[in-house]
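Below is one structure; the comments refer to it alone.
The values are calculated or read from the model by the stated rules, or taken from the named source; none is laboratory data. Bear in mind the structure is a predicted one, so any value in this text is a computation, not a measurement. For neighbour counting, all protein chains shown are included, and Cβ atoms are generated from backbone atoms with ideal geometry for every residue, glycine included.
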Amino acid sequence: MKRPASPAEQQAQQRFGSSPRAAAFYANQMLDHLNPLMQQFIARQEMVFIATADAAGRCDCSFRAGTPGFVQVLDEKTVAYPEYRGNGVLASVGNILENPQIGMIFLDYYQSTVGLHVNGAARVLSPDDLTTFPHLPAGMVEASRIKGGRRPEAWIIIDIKEAYIHCSKHVPLMKRQDKQIAWGTDDESVKGGDFFKTKPAPRL
């Protein structure tokens, strides 16, 4: 993969003396697609953090989760994840409608403690729009047929521009605990309620 065309990134590398290390990283670790091991890694993951920004650059970082492989690998250049109804704010979706650039990071807390960055351009499609895609994974077809809270409101399709490792040295190794997940619930106590006591706080 050629060196990413980010003048500010290169300026930062020059300022902090990391240009040689960065050049080696680009040459040895960064791809413009998902290789087979990256695809297998994503298929095991139950969570991903996503970063988006609107047209003015106002940022939002969010979290998505599901059963293993809920982020579907469509091919080496394309992944998709479901958007559920959530709190109704739709900050990430709104950002993507204005600015398609998206950053994703998958962190494996339970086995390798390695992470995978996936950056690209996103599109928002309704479940019905998926009929235009040939050879969809069975999981996507089945999810779009579900009734109730676990049915996706939309699918986010990402055309991949960059894929690269996040090193494991600072990622904690955690132990998995059982948790009963109430998919699609509107029960405030199950969702966390007013955990941060914001209801009586003054509003902007």
Determine whether the range 166-181 contains at least one residue that is on the phi > 0 side of the Ramachandran plot and surrounded by fewer than 16 Cβ atoms within 10 Å (Cβ to Cβ).
-> no
Would you point out the residue of the range 64-82, among those that are in contact (Cβ under 8 Å) with a residue 12 or more places away in the chain, over 17 Å from residue 124 (Cα atoms) and surrounded by fewer than 16 Cβ atoms within 10 Å (Cβ to Cβ), that is nearest to the chain's Cα centre (by Cα)?
-> 65
Matching residues in the range 95-129 (surrounded by 18 or more Cβ atoms within 10 Å (Cβ to Cβ) and not in a strand (DSSP E or B)) number 4
Search the range 116-127 for residues that are more than 18 Å from residue 41 (Cα to Cα) and pair each with any residue that is of a type in the set (Ser, Thr, Tyr) when their beta-carbon atoms are under 8 Å apart and the residues are at least 6 apart or on different chains.
-> 122/52; 127/144
When the range 124-165 is examined, which residues are found to be at pLDDT below 95, aliphatic (A, V, I, L, M) and either out of contact with any Pro (no Cβ under 9 Å at 6 or more places or on another chain) or at positive phi (or both)?
-> 125, 130, 136, 138, 141
Out of 3, 15, 44, sole residue that is outside the structural domain of residue 96 (by TED's automatic domain parsing), at pLDDT 95 or above and more than 22 Å from residue 124 (Cβ to Cβ) = 15
For the range 50-61, what are the residues that are part of a strand (DSSP E or B) and either without any contact (Cβ under 8 Å) to a residue 12 or more places away in the chain or farther than 20 Å from residue 164 by Cα (or both)?
-> 53, 59, 60
Filtering helices (runs of 4 or more DSSP H) wholly in the range 1-47 for at least 3 residues that are within 30 Å of residue 178 (Cα to Cα) and of a type outside the set (Asp, Glu) gives 36-44
